[in-house]
Amino acid sequence: MATTAPVIMRLMASSINTAKRAGGIIRDVLKKGDLGIVDKGKNDPQTEADRSAQRCIIASLTKKFPSVKIIGEEGGSDLNVCDDWLVTELDESFLQQSCPEEWQDAKPEDFVIWVDPLDGTAEYTQGFVEHVTVLIGIAVKDAAVGGIIHQPFYKQPGGELGRTIWGLKGLGTGGFVPVPAPAGQFIITTTRSHSNALHQQALNAYASTEVLKVGGAGFKVLQLLEGKAHAYVFATPGCKKWDTCAPEAVLEAQGGCLTNINGEHYLYNADVEHVNRKGVLASLGQNHSELVEKIPADVRAAVGAKL
């Protein structure tokens, strides 16, 4: 089955297991206690866990899919990793499902994989480990179509750590139980650390009943999927394509929507700019274009405008 399955199904099944292994590496680094922090910029630390998890993911996926383009947050990675970090098995339960017709003939050269090996690094270093996710986003040509969101520190009811959520447009989602957000309220999830005056103006445009400030794009989208928030609003150019590719694919596979604050989808081909200049607006169970219209036009024009 595995060898004959369409490329997208094998990519997803490989990414599910690879994200789990990366999650184990992230937990191991924390357990050792030396995070090996390097500052890449303001509010932008990088740890040993980011570097090691990315090496595991890129080496594992490159070995299996040598002609697929992979772009990781931490730049180029050393592909020589110990066998313990090389994931060769595919997730067989995922492969039991039928491939959506629209992706059946996609060829390796049609794909770009966007990897954020540790989304929520600042939270990881500050002890808010439940915000941490591993993100593997799969784009076909320009569009985000498949995604894995792995939570290394999610506590299962039996005490085991780690949960892996996946989504593929045309197939649906797995790994969690979707819950609708509470009726009669409007809860927004947004950034813990990257706010500014324009962003605050966008938040103020909504009659929200509550604002949840959490770390990481992956964790914010999980707030929508699990019914803890109705919308994710981020009106600054702070995040990148590897932050949003997987969350967009999972959210949209569940019937939601993730765009920039003008309501336009980001492109995910290999040649695009990495920065999401026009912020992020995501919703589930809402009229997305109405949410776009609520953000004042002058704010939408100013966010990410090149000076």
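The values are calculated or read from the model by the stated rules, or taken from the named source; none is laboratory data. None of the values given here were measured: they were computed from a predicted structure. Quick reminder, even Gly has a Cβ in these numbers, built from the backbone with ideal geometry, and neighbours come from all protein chains shown. Keep in mind that these areas ignore ligands, DNA and RNA; they rest on the heavy atoms of the full protein, side chains included. Shrake-Rupley method; radii C 1.70, N 1.55, O 1.52, S 1.80 Å.
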> Label Gln200 and Asn262 with points 7 Å out from Cα along Cα→Cβ: what is the distance between them in nm?
Replying inline: 2.6
> Top to bottom by accessible area (1.4 Å), largest first, where do Leu281, Leu30 land?
Replying inline: Leu30, Leu281
> Rg/Rh for the chain: what does it come to with C-alpha atoms and Rh from Kirkwood?
Replying inline: 0.95
> Sorted by packing (mean other beta-carbon atoms within 10 Å per residue), highest first, where do 53-60, 210-217 land?
Replying inline: 53-60, 210-217
>> From Cα pairs below 8 angstrom and at least 6 apart in sequence, can you work out the relative contact order of the range 193-307, rounded to a whole percent?
In response: 32
> Put Val275, Val179, Val29 in order of accessible area, largest first, 1.4 Å probe: what do you get?
Replying inline: Val179, Val275, Val29
> In nm, to one decimal, how far is the Ala302 label point from the Lys141 one, both placed 7 Å along Cα→Cβ?
Replying inline: 3.8
>> Can you compute the modelled spin-label distance between Glu210 and Lys63, with each label point 7 Å from Cα toward Cβ, in nm?
In response: 4.4
>> What is the percent carbon and sulfur in the accessible area of the chain, measuring with a 1.4 Å probe over the protein chains and ignoring ligands?
In response: 50
> Taking θ as phi - 60°, what are the ³J(HN,Hα) couplings along the range 14-23 by the Karplus curve (6.51, -1.76, 1.60), each to the nearest whole Hz, with x for Gly and Pro?
Replying inline: 6, 5, 4, 5, 5, 4, 4, 5, 4, x
> By the gyration tensor of its Cα atoms, with a ≥ b ≥ c the square roots of the eigenvalues, what is the shape of the range 231-289: rounded for a/c under 1.5, prolate for a/b over b/c, or oblate?
Replying inline: oblate
>> Please state the shape class of the range 165-307: rounded when a/c is under 1.5, otherwise prolate if a/b exceeds b/c and oblate if not, all from the C-alpha gyration tensor.
In response: oblate
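Order these peptides, 133-143, 89-99, by their mean beta-carbon neighbour count within 10 angstrom, highest first.
Ranked from most to least packed, the peptides come out as 133-143, 89-99.
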>> Over the chain, with the other protein chains present, what is the accessible area per residue in square angstrom, probe 1.4 angstrom?
In response: 42
> Any idea what angle helix 241-253 forms with the longest principal axis of the chain, computed on alpha-carbon atoms, 0 to 90 degrees, nearest 10?
Replying inline: 90
>> Pairs of alpha-carbon atoms within less than 8 angstrom and 6+ residues apart define the contacts here; what relative contact order does the range 84-154 have, in percent?
In response: 25
>> For the chain, what does the helix formula give at 222 nm: sum of -39500 (n - 2.57) over DSSP H segments with n ≥ 4, over the residue count, nearest 500 deg cm²/dmol?
In response: -9500 deg cm²/dmol
> So between Asn287 and Lys155, what do we pick up on full extension, going 0.36 nm a residue minus the alpha carbon distance?
Replying inline: 44.2 nm
>> Assuming 0.36 nm per residue, please report the length gained on full extension of the stretch Asn80 to Lys107 beyond their Cα-Cα distance.
In response: 7.1 nm
> Angle, helix 48-64 long axis vs. longest principal axis of the chain, Cα atoms, 0 to 90°, nearest 10?
Replying inline: 60
